[in-house]
Amino acid sequence: MSGNVLVLAEQSDGQVSDATYELLGKGRELATAWGGTLEVATFGPTDVSGQLGIADAVVRVDHPALASYTADAYEQVLLQLLTERAPRLLLLSNDTVGLDLGTALAVSWDASQVAYVMALAVDGDTPVATAQILGGKILAEVEITAPRGICTVIGGSFPLAAGKGDGTPEIVTAAAPGGLDAPRISLRAIVEPDTSDVDITAADLLVSAGRGVGSKDDLEVVQELADALGAPLSASRPVIDAGWMPKTRQVGKSGLKVKPKAYLSFGISGAPEHLEGMRDAELIIACNTDANAPIFDVAHYGTTVDLFDLVPAIVEEIGG
Amino acid sequence: MRIAVILKAVPDLVEEMELTSDGTDLDREYLKFVTNEWDEQALEEALLLKDSDGAEVVAVGMADDPDIEQALYSAVAKGADRAVTIAGATGVDTRSRAAAVAAWLKDNPADLVLSGVQAPDDLDGQLPAALGAALGLPHVSVVVSVALDGAAAIVRQEFSGGRAADLNVTLPAVLGIQVARQAPRYAPVTRVRQVMQSTTIDEASVAVDEAAAGIRVRRMYPPEKTTHAEMIDGSPAEVAARIVELLRSRSLVKG
Ligand SMILES: Cc1cc2nc3c(=O)[nH]c(=O)nc-3n(C[C@H](O)[C@H](O)[C@H](O)COP(=O)(O)OP(=O)(O)OC[C@H]3O[C@@H](n4cnc5c(N)ncnc54)[C@H](O)[C@@H]3O)c2cc1C
């Protein structure tokens, strides 16, 4: 069994993503423990191999169908690389790319996957992953006993500094599989984020509302507090999806990552996808009527007082 | 145009999660189950496509899922044309479910297969990608809108930071839905009751090979509370006073 680890590098505007560095650092650790090599796959026209000095080898594939990401093209290329290079473990970030490719490759490469990984170690030959499931309420420690494994890793799980290095990896240029000439998914347009609203990533203080607020009308209560504090109102994804607030205010994995001096959350459970966007705030104060809500595991201060009692009391306290 | 929507019954996250005595699985006996919220979004997106373009919407569940009939009757009450349960796969794991659904879809092809982007308990990965690979179909996850355009779907796929991509996807295809274009419609209880009287859920059965899982759960446990928040007790006014003091000490409240 090989002890090699393969990481898929994600990039935007020529910059390797933070999530990729996290995977590379962990991949380095595992490959070293197994006496194997760390390889990193990068697709498309932009050469980012200079940023991948931590790896032993950089495998580059280019083809017109790889100019921008599509699940169809990336999957075909990765499957070919996995077959050729036969790593013990493939590491992907549990973002859109990981959600697209992870389980598809588990099926087509006949590997076993652990999703939502937030810790990863080796026990002898066996990778042992800890996954965060059920909205963060349960952790599962899972051995990958199969000879081929795939882990899709939650962003922010591993230090990214460990993924940076100044070595000179071997550069391997691999041919693209023939299937790319007839893509079944093609890009029509990239939709850039809306920047017309306030920038919640620039605020010192954020008041953030979750589904516990209940309705658009009741959001007014929390808005009053935000106004009283002179802070922008941000929110968890369901509040945005329900159309109560614009997308520009969404905190989390598929929204914005914020790092204010203080983050006040009301009626947010603390699902991993939300925590990904705010866990680095300097001070987190959470209000949630469920004492077991995962938000309390990252908050510095918490209260189980009902938000509809607490929020007006805070407004009064500030005014008084 | 036929659209299959795959639904899963998952533990209600509002409840406390009970573990089995050996600590390697959820104790499902005492848990309350609900339809995976992202599957509800997938159903809504399918019904929106039916409204705009005309389509037959088939709601599909696994026969062994707790209370799945209720979810399927509710889907029909909202506008699905028929409902099917698939027997033959007992697991909650994604791989065996994907194998069962893929086997069923081979005999009952759909132009579009929609399911939720993920489920709270899909430890071994997500259904849409598994189905896509098992069926050899193009698949897209984290989808936030779908439109039909002849033999293709125009799909918006979301990335982090508010970025998205509009894609042409050749049909048939599998889509993992993050959110429908509008909030899921509501089916009044009386309507669901009517449907329960008048609708028969088709029962299908498939044979799937018992594939080796390749993963073994050593233990499940609630996150250790070593980093738990300091809880502020007291009346709303007392808690509010403490919170404001915390903010004032960091100069985050004017005055
Ligand atoms: C691919 C993907 C990307 C995602 N990206 C994001 C993202 O960027 N951001 C994000 O937030 N989510 C994201 N999610 C969704 C995430 O999984 C959760 O569904 C979401 O974070 C839950 O939001 P919530 O905490 O507001 O709602 P819930 O989980 O429903 O929590 C509501 C909470 O309110 C509490 N509550 C109820 N009433 C009261 C009251 N009166 N007073 C106080 N507390 C009360 C309840 O106890 C509960 O804990 C993503 C999901 C996927 C699949």
For the range A:200-319 the mean separation of alpha carbon contacts under 8 Å (6+ apart) over residue count, i.e. relative contact order in percent, is 26
Quick one: grab Rg to one decimal and Dmax as a whole number for chain A, Cα atoms only, in Å.
21.7, 71
With bins 5 Å wide starting at 0, give me the P(r) of the range B:1-147 over every alpha carbon pair, in whole percents.
2, 10, 20, 24, 21, 13, 6, 3, 1, 0, 0
Could you list log10 I(q)/I(0) for the protein assembly as shown at q = 0.06 Å⁻¹, which the Debye formula gives when each Cα is one point scatterer?
-0.30
Taking A:233-244, A:49-60 and ranking on average Cβ neighbours within 10 Å, highest first, one gets A:233-244, A:49-60
Summing +1 per Lys or Arg and -1 per Asp or Glu among the other residues with Cβ less than 11 Å from A:A121's Cβ gives -3
When chain B is treated as a Gaussian network with springs between alpha carbons less than 10 Å apart, the largest mean-square fluctuation among B:S141, B:S96, B:S160 is found at B:S160
If N is the number of residues in the range A:185-320, what value comes out of its Cα radius of gyration divided by 2.2 N^0.38 Å?
1.04
Yeah, the range A:127-171 with a ≥ b ≥ c from its alpha-carbon gyration tensor (a/c under 1.5 is rounded, else prolate when a/b outruns b/c, oblate otherwise) is oblate
Suppose the Debye formula is applied to equal point scatterers at every Cα of the range A:223-263; what is log10 I(q)/I(0) at q = 0.16 Å⁻¹?
-0.41
Could you tell me whether the range B:77-190 comes out rounded, prolate or oblate from its Cα gyration tensor? Rule is a ≥ b ≥ c as square roots of the eigenvalues, rounded for a/c under 1.5, then prolate if a/b exceeds b/c, otherwise oblate.
rounded
Compute the longest continuous run of chain B that contains no exposed GluC sites (Glu not before Pro); treat a site as exposed when its DSSP state is not H, G, I, E or B and it has at most 16 other Cβ atoms within 10 Å.
B:19-209
Considering every residue in A:186-197, what mean count of other chain Cβ atoms within 10 Å of its Cβ is obtained?
4
Based on the alpha-carbon set only, what is the convex hull volume of the range B:7-66 divided per residue, in Å³?
84
Per-residue Cβ neighbour rank within 10 angstrom, fewest leading, A:T195, A:T96:
A:T195, A:T96
The relative contact order of chain B, taking Cα pairs under 8 Å that sit 6 or more residues apart, comes to a percentage of 22
For chain B, with a Gaussian network of springs between Cα atoms less than 10 Å apart, report the residue from B:Q182, B:Q41, B:Q118 with the top mean-square fluctuation.
B:Q182
Can you give me the three principal axis dimensions of the range A:201-240 from its C-alpha atoms, in Å, biggest first?
26, 19, 11
Given backbone amide H placed at 1.01 Å from N, residues whose amide H is under 5 Å from that of A:I284, ignoring those fewer than 5 places away on the same chain, are A:Y263, A:H300, A:Y301
For the range A:5-181 the translational diffusion coefficient, Stokes-Einstein from a Kirkwood Rh over Cα pairs at 20 °C and viscosity 1.002 mPa s, in µm²/s, is roughly 134
Percent of Cα-Cα pairs per 10 Å bin, from 0 to the last occupied bin, for the range B:140-191, please list those.
23, 45, 21, 10, 0
Using Cα springs under 10 Å in a Gaussian network model of chain B, which residue among B:G125, B:G23, B:G214 shows the largest mean-square fluctuation?
B:G214
Give, rounded to the nearest 20 debye, the magnitude of the charge dipole that the range B:1-159 has about its Cα centre when Lys and Arg contribute +1 at Cβ and Asp and Glu contribute -1 at Cβ.
740
List the relative contact order of chain A as a percent without decimals, with contacts defined as Cα pairs under 8 Å and 6+ residues apart.
15
Given charges at Cβ of Lys, Arg, Asp, Glu: the range B:2-212 dipole, positive-most of B:A153, B:P188, B:V113:
B:A153
Peptide A:89-96: average number of partner chain Cβ atoms within 10 Å per residue?
3
What does the average come to when, for each residue of peptide A:290-299, you count the partner chain Cβ atoms lying within 10 Å of its Cβ?
4
Given the C-alpha atoms of chain B, compute the convex hull and give its volume per residue in Å³.
202
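Read the figures in this text as sums done on the coordinates, not as results from a lab. The model shown is predicted, which means the values in this text are computed figures rather than measured ones. Cβ: placed from backbone, ideal geometry, glycine included. Neighbour counts: every protein chain shown.
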